[in-house]
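A quick write-up on the structure given underneath.
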Amino acid sequence: MPLACDVIPMISDARVLQPEFIPNEVIHRNGEIGAISAALRPITRGEQAETTILHGPTGVGKTCLAKYSTQQLREEVLDINTQHVNCWEDHTRFRTLHRILDGISQTTDIHRSSTPKDELLERIRDYDGPQYVVILDEVDQLEDKDLLYDLYRVSNLSLILIANDDEEVFANLDDRVYSRFLSATRIKFDPYSLDELTAILSARVEYGLRDGVIDSEGIRHIAEAARGDARVAIGALRTAARNAQQEGLTTIPMDIIEGAVPEAKSEVKQKTVDKLTADQQVLYEIITEEGEISPSDLYAEYDKRVEQPKTRRMLRNYLSKLEHYKLIVSSGNTRGRTYSTYS
DNA sequence: GGTCCACAGGAAAGATAGGGTC
DNA sequence: GACCCTATCTTTCCTGTGGACC
């Protein structure tokens, strides 16, 4: 086996293997791209775009396509602003508004402690610059859904909303807000088929790895194991390439590919776990260890492990968050309820 | 059928943290 | 440094639901 220092690096462009990479050409989503472009087209005439809702399971390219479409728009329209807001991280009204203002450089004199959130909205309302496209990713995590109504009414501002389940987003909206979004363009994203995922991976291999590093059988194996989730597939490809390179190999053998798939799935899950608070992580840890556990046992075990335990009500909030992000799953009602890990 | 109890989740109030102003 | 204001987090209180038991 050649030493690592003797071999040419197999990764020619690591950016291509990153989950946040937006390719120059998106394949197998022509229908969805067309629908988003049509919704955004009014912007080319200086008008507000139609509100667009992208929904579907994780890893099907919703965020990628939203960003890709706004990039394409930037090439067509000289004067335009865009901003991506992750509502998991910026889930409060203040933070979301702050992030939106950040996209038009209006946050230098805004302070959490002294600027009322009403003033943030006023600033956005007063915005009279070029058309502004805001992508609200994971919009179902937004605490104050009335904000959608407020943003909807801002001229020069167009919304692209991204969620796993569009019904969940609008389930608890009052009629006034709900009616505004009835006419929005809704685009459903289905999981990629095996052939589609294979083609996506092949494109990444072509631009990200040196020739002959991985064969078509290896690519197809990753695509099969990813089960329609491009995020897992690209992660597995990245992991396999990295592991093979660390071993000083010039190609990626099948045993490394097979090991990379569960590792990539674990990495995807770990990224979500890392975003949890310490208390949320303790709950997740207990459920992972126990496999299946009743609420009362879970609360008791949590109390044992934490110095300053939160109230049961707070833990229920945490648990619903864990469930929403498919880290855990609950089954049964009232007394028969249990929590278990998501498989 | 009535009662009890575990549980989920909404609403409102309280506590806390961070930063500005004087 | 004390006070004030604000966003955010947490707790408290409450209601509704559904299974278990008599």
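The values are calculated or read from the model by the stated rules, or taken from the named source; none is laboratory data. These numbers were taken from a predicted model, which means no experiment stands behind them. A quick note on method: Cβ atoms are made from the backbone with ideal geometry, for glycine too, and the neighbour counts reach across all protein chains shown.
Quick notes on this one:
- Single residue of A:Ser294, A:Ser330 found to be within 11 Å of DNA strand B (Cβ to nearest atom), surrounded by 12 or more Cβ atoms within 10 Å (Cβ to Cβ) and under 25 Å from the mean Cα position of the chain (by Cα): A:Ser330
- Pairs, first without any contact (Cβ under 8 Å) to a residue 24 or more places away in the chain and at positive phi in the range A:306-328, second more than 8 Å from DNA strand B (Cβ to nearest atom) and of a type in the set (Gly, Ala, Ser), C-beta under 8 Å, six or more apart: none
- Here A:Val273 meets the list (1) within 13 Å of DNA strand C (Cβ to nearest atom); (2) among the aliphatic types (A, V, I, L, M); (3) modelled with pLDDT under 95 almost entirely, failing just condition (1).
- From A:Thr82, A:Thr44, A:Thr92, residue being in contact (Cβ under 8 Å) with a residue 24 or more places away in the chain, buried (at least 18 other Cβ atoms within 10 Å of the Cβ) and more than 16 Å from the chain's Cα centre (by Cα): A:Thr82
- Of all residues in the range A:225-262 being among the aliphatic types (A, V, I, L, M) and in a loop (DSSP other than H, G, I, E, B), the one that is surrounded by the fewest Cβ atoms within 10 Å (Cβ to Cβ): A:Leu249
- Of all the residues in the range A:185-217, those that are among the aliphatic types (A, V, I, L, M) and within 23 Å of A:Ala35 (Cα to Cα) number 4.
- Hits in the range A:311-323 - residues which are crowded, with 18+ Cβ neighbours inside 10 Å and more than 22 Å from A:Asp90 (Cβ to Cβ): A:Leu315, A:Leu319
- Filtering the range A:276-291 to residues that are within 16 Å of DNA strand C (Cβ to nearest atom) and either assigned to a helix (DSSP H, G or I) or loosely packed, with under 12 Cβ neighbours inside 10 Å (or both) leaves A:Thr277, A:Ala278, A:Asp279, A:Gln280, A:Gln281, A:Val282, A:Leu283, A:Tyr284.
- Residue in the range A:320-328 that is within 13 Å of DNA strand C (Cβ to nearest atom), within 30 Å of A:Ile234 (Cα to Cα) and touching a Phe, Trp or Tyr at 6+ places or on another chain (Cβ under 7 Å) present: no
- Residue within the range A:209-229 that is closer than 18 Å to A:Glu263 by Cβ and among the acidic types (Asp, Glu) present: yes
- Qualifying positions in the range A:62-95 - part of a loop (DSSP other than H, G, I, E, B) and at pLDDT below 90: A:Val77, A:Leu78, A:Asp79, A:Cys87, A:Trp88, A:Glu89, A:Asp90, A:His91, A:Thr92
- Any chance A:Lys265 is of a type outside the set (Val, Ile, Thr), surrounded by 12 or more Cβ atoms within 10 Å (Cβ to Cβ) and either under 26 Å from the mean Cα position of the chain (by Cα) or more than 16 Å from DNA strand C (Cβ to nearest atom) (or both): yes
- Within the range A:191-212, residues that are without any contact (Cβ under 8 Å) to a residue 60 or more places away in the chain have Cβ atoms under 7 Å from residues that are assigned to a helix (DSSP H, G or I) and surrounded by fewer than 18 Cβ atoms within 10 Å (Cβ to Cβ) in these pairs: A:Leu194/A:Glu224; A:Thr198/A:Arg220, counting only partners at least 6 apart in sequence or on another chain.
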